[in-house]
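Asks: Quick one: structure below, then a few questions.
The values are calculated or read from the model by the stated rules, or taken from the named source; none is laboratory data. Given the structure is predicted, the values throughout are model-derived calculations rather than measurements. Glycine also receives a Cβ, built like all others from the backbone with ideal geometry; neighbour counts cover every protein chain displayed.
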Amino acid sequence: MKTQSLIQQFRQMAADLENNSAIDVVTCKFNDPATKEELDAVQSKFNLTPAMLDFYRDANGIEIQWERRGEKELPDGGLAAGYINLLPVQEVFRDWKDIIYFNEDDNFQPLHPLDFFIEEACAALYLDGSENPEVYYHYCGEEMSPLGVDFEGYLQLLLKSRGFWYWQKAIATPEYENPYVSVSVEESNFTTIMPQLFPDFNLSDFQRFNQQKRSP
């Protein structure tokens, strides 16, 4: 059987969300494919990987929002909800000055938001000149943490996480370790709520990255 493309997998995920009686889908939008002119304009400045080209040729961005039916807000903080905002290719590779970075010496300058899932945080490509850049979690203006995956790896985990609120913190290497808090509220919510909403959820898909990155 032919393997589904990434966009086909996202469309299947969207259909499954619509058919899940435990949640309400608030937004579901697949953009038209990127034009040759849009891809060529980006390619003249940045080297798009085959996975990037395949994705943007099928859809130039995706926005999906969902929330748990009746109980969106959680007692310990956070939301039982999902937010995916995969930006169009020309947005990802634009100059993010005055939004992500503010001067040429800013440590955040190499970050180019890929999934701006909420206003204050995103998953971003770290463009350091490598042929296959890593994706970082970035809380705007404050921190950035490597996720240990590339563009395609991020999208595969995004599919499995369904974009759950701050799921990225379950695999991110913290910039600062808190000796008094072993698991963040965001990670705790993710590992507790996801199995309740999605019976096929497998935490080991995320623990594997976590263990590899945090082991001595």
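Asks: For ALA22, are the conditions met, namely being exposed (fewer than 15 other Cβ atoms within 10 Å of the Cβ) and of a type in the set (Gly, Ala, Ser)?
Replies: yes
Asks: How about the range 64-74: which of its residues are more than 13 Å from ASN20 (Cβ to Cβ) and surrounded by 17 or more Cβ atoms within 10 Å (Cβ to Cβ)?
Replies: GLN65, LEU74
Asks: Sticking with this structure for a sec: Given the conditions (1) farther than 22 Å from LYS97 by Cβ; (2) in contact with a strand residue (DSSP E or B) (Cβ under 8 Å, 6 or more places away or on another chain); (3) modelled with pLDDT under 95; (4) not in a loop (DSSP other than H, G, I, E, B), and given that GLN211 satisfies all but one, which numbered condition is not satisfied?
Replies: In the conditions (1) farther than 22 Å from LYS97 by Cβ; (2) in contact with a strand residue (DSSP E or B) (Cβ under 8 Å, 6 or more places away or on another chain); (3) modelled with pLDDT under 95; (4) not in a loop (DSSP other than H, G, I, E, B), GLN211 misses (2) alone.
Asks: For the range 117-130, name all the residues that are of a type in the set (Phe, Trp, Tyr) and either in a loop (DSSP other than H, G, I, E, B) or more than 19 Å from PHE206 (Cβ to Cβ) (or both).
Replies: Selection gives TYR126 alone.
Asks: Then there's this: For the range 1-34, enumerate the residues that are polar (S, T, N, Q) and assigned to a loop (DSSP other than H, G, I, E, B).
Replies: Across the range 1-34, the qualifying residues are THR3, GLN4, SER5, ASN19, ASN20, SER21, ASN31.
Asks: Output the residues belonging to the range 75-130 that are of a type in the set (Val, Ile, Thr) and either surrounded by 22 or more Cβ atoms within 10 Å (Cβ to Cβ) or in contact with a His (Cβ under 9 Å, 6 or more places away or on another chain) (or both).
Replies: Residues satisfying the conditions are ILE84, VAL89, VAL92, ILE100.
Every residue, every condition in (1) on the phi > 0 side of the Ramachandran plot; (2) assigned to a loop (DSSP other than H, G, I, E, B), yes or no:
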| site | (1), (2) |
| --- | --- |
| LEU53 | no, no |
| TYR56 | no, no |
| GLY70 | yes, yes |
| ASP76 | no, yes |
| GLY82 | no, no |
| ILE99 | no, yes |
| GLN109 | no, yes |
| ASP115 | no, no |
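Asks: Going by what's in this entry, would GLU63 be described as touching a Cys at 6+ places or on another chain (Cβ under 9 Å), among the acidic types (Asp, Glu) and at pLDDT 95 or above?
Replies: Spelling it out, GLU63 is indeed touching a Cys at 6+ places or on another chain (Cβ under 9 Å), among the acidic types (Asp, Glu) and at pLDDT 95 or above.
Asks: So which residues in the range 14-66 are polar (S, T, N, Q), out of contact with any helix residue (DSSP H, G or I) (no Cβ under 7 Å at 6 or more places or on another chain) and within 16 Å of GLN90 (Cα to Cα), if there are any at all?
Replies: Once the filter is applied, which keeps residues that are polar (S, T, N, Q), out of contact with any helix residue (DSSP H, G or I) (no Cβ under 7 Å at 6 or more places or on another chain) and within 16 Å of GLN90 (Cα to Cα), the range 14-66 yields ASN31, THR35, GLN43, SER44, ASN47.
Asks: Somewhere in the range 152-166, is a residue among the hydroxyl-bearing types (Ser, Thr, Tyr), modelled with pLDDT of 95 or more, part of a helix (DSSP H, G or I) and surrounded by 18 or more Cβ atoms within 10 Å (Cβ to Cβ)?
Replies: yes
Asks: Looking at the structure I just gave you, is LYS45 loosely packed, with under 12 Cβ neighbours inside 10 Å and either touching a Ser or Thr at 6+ places or on another chain (Cβ under 8 Å) or of a type in the set (Lys, Arg) (or both)?
Replies: Yes, satisfied.
Asks: In the set TYR83, TYR101, TYR56, which member is closer than 17 Å to GLU152 by Cα and either hydroxyl-bearing (Ser, Thr, Tyr) or within 20 Å of the chain's Cα centre (by Cα) (or both)?
Replies: Residue meeting the stated conditions: TYR56.
Asks: Just for the range 131-147: of the residues that are crowded, with 16+ Cβ neighbours inside 10 Å and assigned to a loop (DSSP other than H, G, I, E, B), which one is nearest to the chain's Cα centre (by Cα)?
Replies: LEU147
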